[in-house]
1. Given the structure, is Lys320 out of contact with any Leu (no Cβ under 7 Å at 6 or more places or on another chain), assigned to a strand (DSSP E or B) and either crowded, with 19+ Cβ neighbours inside 10 Å or free of Cβ contacts under 8 Å to residues at least 12 places away in the same chain (or both)?
2. Looking at (1) farther than 17 Å from Leu173 by Cβ; (2) in contact with a Gly (Cβ under 9 Å, 6 or more places away or on another chain); (3) at pLDDT 85 or above, can you tell me which one Asp204 breaks?
3. Quick one: which of Val338, Val358, Val305 is surrounded by fewer than 20 Cβ atoms within 10 Å (Cβ to Cβ), modelled with pLDDT of 80 or more and not in a strand (DSSP E or B)?
4. For region 188-215, name all the residues that are closer than 27 Å to Lys154 by Cβ and part of a strand (DSSP E or B).
5. Given the criteria β-branched (Val, Ile, Thr), within 23 Å of the chain's Cα centre (by Cα) and surrounded by fewer than 18 Cβ atoms within 10 Å (Cβ to Cβ), does Thr297 qualify?
6. Could you check, for region 71-78, whether at least one of its residues is modelled with pLDDT under 70, over 30 Å from Ser141 (Cβ atoms) and more than 24 Å from the chain's Cα centre (by Cα)?
7. If Lys94 passes every condition in (1) farther than 30 Å from Gly144 by Cα; (2) at pLDDT 70 or above but one, which one does it miss?
8. Filter region 198-220 down to residues that are farther than 24 Å from Ala160 by Cβ and under 24 Å from the mean Cα position of the chain (by Cα) and give me whichever is surrounded by the fewest Cβ atoms within 10 Å (Cβ to Cβ).
Amino acid sequence: MNKILRVIFRISIVILMMFFSIMITVKIGENKNLPNIITIIIPIFLMSITIILGVTLLSNPTVKLSFKKKIRINKGKKSKDFVQLCENLEPECKSLDVYRKKAIIYLVLITLSCILIFLIPIINIQALSTTIFIILALIISVIGFYKKNLDEFKNEFKKAIIKKIVYYICPKLQYQYDGNSNMFETYSSIFPKNDEYNGFETSDYIYGDMNGIHLQICKISLLNFYSEKSDRELHALDTFLFSQNELNFSSPSTIILKPNNYFYTYNTEKIQMDDEEFEKYFDVFSDSDMITMQILTHDVMEELVSFYTQYRCKFEIIIKDNKLFIKFLTGDVFNPKVLKKITDSDLLWTYYTILNFVTRLCIKINNSFEGTEI
């Protein structure tokens, strides 16, 4: 019921915005004292605002809007292997481009329909209200087709492109586009709980052995569902990548690494590391500075600093028992962009970069304990 009310409310807002924009356009056109430039600029401005508002509100009308800034990995300098991978993906990209072009056509139809509504008062079409109603119905129908096509595009993109990227990086890795709920259970048992969320979604689950490391990576969205107590509706509070990896030793102390001056709720002391460059970017917490120094060697700290400074992707790390947990603060990633070529998407580079970083980090931490007793 709440979703239906939200859809009706958003359609009403768009209709009212169009109505007031048309009335203002008509009044400006009737005023002969205004400069010609004003009679052109103001209607164009109002039309642009209406189109943006309509597409934003109606492209996914059942989900609450969130204007939280998304964090993206910087492109950096792409490796030759990645360039070769993109070339190998060309056949799949061409077949998927049909969905992308359909989505663009739908957006063009929506834009032209909105422009037509603004032109109706100017060209003096009879039965004004009926004509506007028909065009609005057309816009809503086209938005529905656009949404359906976009969902198909995302699913096919993940099955064809992301799955092949994972296989290219390591044939032993498996990809499951609909996620794994067990990863959320692991995450919630390791990281502090957030009382604001009461639901979750998982997607883009990767698992298997790579370079002797058993790893699992999954995208997790923390959600808030409507409830009578909180009077809130469904929206995503946070979306990130969560990685769980096995080490070849068991740490007797839990080690926590967070971005510098990041919110911290654990009950352990901050450890002063002996690397000034590392201290610029990260804070480390543990109940044993000796164990921490043994695990976070200069080689490991250099890998962490190099990844962060090159790609500017924030992350949190927890080492507990024989597990390495990493939370990448990426935002909502791994969905294709309609207005960009599929092979130009930074999402491909994000997957490729993170997978390689996780395995390199695990190998370096494992190597730091070869022949050492904890």
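1. Values: out of contact with any Leu (no Cβ under 7 Å at 6 or more places or on another chain): yes; assigned to a strand (DSSP E or B): yes; either crowded, with 19+ Cβ neighbours inside 10 Å or free of Cβ contacts under 8 Å to residues at least 12 places away in the same chain (or both): no.
For Lys320, the condition - out of contact with any Leu (no Cβ under 7 Å at 6 or more places or on another chain), assigned to a strand (DSSP E or B) and either crowded, with 19+ Cβ neighbours inside 10 Å or free of Cβ contacts under 8 Å to residues at least 12 places away in the same chain (or both) - is not met.
2. Status for Asp204: all satisfied but (1).
3. Numbers: Val338 fails: modelled with pLDDT of 80 or more; Val358 fails: surrounded by fewer than 20 Cβ atoms within 10 Å (Cβ to Cβ).
Result: Val305 is the single residue among Val338, Val358, Val305 that is surrounded by fewer than 20 Cβ atoms within 10 Å (Cβ to Cβ), modelled with pLDDT of 80 or more and not in a strand (DSSP E or B).
4. Gly199, Phe200, Glu201, Thr202, Ser203, Asp204, Tyr205, Ile206, Tyr207, Gly208, Met210, Leu215
5. Details: β-branched (Val, Ile, Thr): yes; within 23 Å of the chain's Cα centre (by Cα): no; surrounded by fewer than 18 Cβ atoms within 10 Å (Cβ to Cβ): yes.
So Thr297 does not fit the description; no.
6. No, every residue in region 71-78 fails to be modelled with pLDDT under 70, over 30 Å from Ser141 (Cβ atoms) and more than 24 Å from the chain's Cα centre (by Cα).
7. Lys94 satisfies all of (1) farther than 30 Å from Gly144 by Cα; (2) at pLDDT 70 or above except (1).
8. Within region 198-220, the match that is surrounded by the fewest Cβ atoms within 10 Å (Cβ to Cβ) is Gly199.
The values are calculated or read from the model by the stated rules, or taken from the named source; none is laboratory data. None of these values were measured; they are calculated from a predicted model. Because the Cβ atoms are built from the backbone with ideal geometry, glycine has one as well, and the counts that use them run over all protein chains shown.
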